[in-house]
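Before any comments, here is the structure.
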Amino acid sequence: MRLATWNVNSIRARVDRIVDFAVREHIDVLAMQEIKCKTDQFPFDRFEEAGYHVEAYGFSQWNGVAIASREPLTNVRTAFPGMPGFEKGHNGPDAPQEARAMGATIGGVEVWSLYVPNGRSLGDPHYYYKLDWLSALQQYTTDSLAANPDLALALVGDFNIAPTDADNGDPAVVPGFSTHVSPPEREAFAAFGTAGLQDVVRPLIPGGFTYWDYKRLKFPRNEGMRIDFILGSHALADAVTGATIHRDERKGELPSDHVPVVVDLDLEGPDDDDRPMIF
């Protein structure tokens, strides 16, 4: 299975480019974030013509997630247990949920396409919402792997966190003054390791960014950030055979400000054909 994640920053503006990438790179499962459309506005037909099954979830021109897969998707969900909501000026557990998560089982793998809240600024209500959202996701991960330690689980998407200083090449993002790099956010990201997940791309690609702001020539100057991740349980990590960050997708006409991150998975295990035959 070739699994990819991409914050597409408006599916309707970039559908041709996204489908072309998926077909050209032989992507089996593509998790998308920031589709920026209502569910019924998603261009399902373009993906279906290319041989994909698609599930999408969006409310408006903000947020939104989707998964396209060569195989059928089962057990599709649009929230994880305990996922908090947010609305400006609205406090409490009944705040409306946003379209930020989609989970599905594909080929024996539980895949979640995730668009973690941005946080906006330190001290903003959205910042605390982000931390609560990550805490609930971490608890779901802990509970899932406690119930099934051999679960092949993949949390993929835009985490809006640069977990280490090496993941931040943007001089405008300053520790102590900016979101994405604050200690509480980095601690929330690290908690997924405690829950039983690991970054399955970093061991194969130690450096490189996945996002560059459109402003102030950030991409030509390579002032980017690594904030898009594929986190996997041990069952998923053990199946990883390769990884790529498609930096060139930030170039050309109408690029997203993020690029795809891709991993190859060998879910069949080693070939046993060479075992000695016993009669």
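Values computed for the structure shown
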{"read-out": "Theoretical ellipticity at 222 nm over the chain - DSSP helices of four or more residues, -39500 (n - 2.57) apiece, nearest 500", "value": "-6500 deg cm²/dmol"}
{"read-out": "Gain upon complete extension [Thr164, Asp94; 0.36 nm per residue less C-alpha separation]", "value": "21.8 nm"}
{"read-out": "Gain in span if fully extended, Asn75 to Ser135, counting 0.36 nm per residue against the direct Cα distance", "value": "19.3 nm"}
{"read-out": "Cα-based shape type of region 135-209, given that a ≥ b ≥ c are square roots of the gyration tensor eigenvalues and the cut on a/c is 1.5", "value": "oblate"}
{"read-out": "Karplus (6.51, -1.76, 1.60) ³J(HN,Hα), θ = phi - 60°, over region 116-123, in Hz, Gly and Pro reported as x", "value": "5, x, 5, x, 6, 7, 4, x"}
{"read-out": "Estimated vicinal HN-Hα couplings, Hz - region 159-172 in sequence order (Karplus 6.51, -1.76, 1.60; Gly, Pro = x)", "value": "8, 6, 9, 9, x, 9, 4, 5, 8, 10, x, 9, x, 7"}
{"read-out": "Rounded percent of accessible protein surface that carbon and sulfur make up, region 2-82, 1.4 Å probe", "value": "48"}
{"read-out": "Estimated distance in nm for a label pair at Glu253 and Glu48, the labels positioned 7 Å out from Cα along Cα-to-Cβ", "value": "2.7"}
{"read-out": "GluC sites (Glu not before Pro), loop per DSSP, at most 14 other Cβ atoms within 10 Å - longest free stretch of the chain", "value": "1-252"}
{"read-out": "Cα-based helix-to-principal-axis angle, 183-195 vs the chain, degrees rounded to 10", "value": "20"}
{"read-out": "DSSP-defined antiparallel bridges as percent of all bridges, the chain, nearest 5", "value": "80"}
{"read-out": "Protection-proxy order for peptides 164-172, 3-11, 152-160, each taking the mean of Cβ atoms within 10 Å per residue, highest first", "value": "152-160, 3-11, 164-172"}
{"read-out": "Per residue, in Å², the accessible surface of the chain once ligands and nucleic acids are set aside, probe 1.4 Å", "value": "45"}
{"read-out": "For region 1-42 and region 119-142, distance of Cα centres in Å", "value": "25"}
{"read-out": "Relative contact order (percent, whole number), region 1-136, Cα cutoff 8 Å, 6+ residue spacing", "value": "19"}
{"read-out": "Length-normalised contact order for region 64-199 - Cα pairs under 8 Å, 6+ apart - percent", "value": "22"}
{"read-out": "Acute angle (nearest 10 degrees) that the helix 11-24 long axis makes with the longest principal axis of the chain, alpha-carbon atoms", "value": "30"}
{"read-out": "Alpha-carbon Debye profile of region 6-152, log10 I(q)/I(0) at 0.15, 0.18, 0.21, 0.22 Å⁻¹", "value": "-0.80, -1.07, -1.30, -1.37"}
{"read-out": "Radius ratio Rg over Rh of the chain, counting only Cα atoms, Kirkwood formula for Rh", "value": "0.97"}
{"read-out": "Inter-label distance, nm, simple model (7 Å from Cα along the C-beta direction), Ile205/Thr39", "value": "3.2"}
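The values are calculated or read from the model by the stated rules, or taken from the named source; none is laboratory data. None of the values given here were measured: they were computed from a predicted structure. Counting neighbours? That spans all protein chains shown, and the Cβs are built from the backbone with ideal geometry, glycine included. Ligands, DNA and RNA are excluded from the accessible area calculation, which covers all protein heavy atoms including side chains. Shrake-Rupley method; radii C 1.70, N 1.55, O 1.52, S 1.80 Å.
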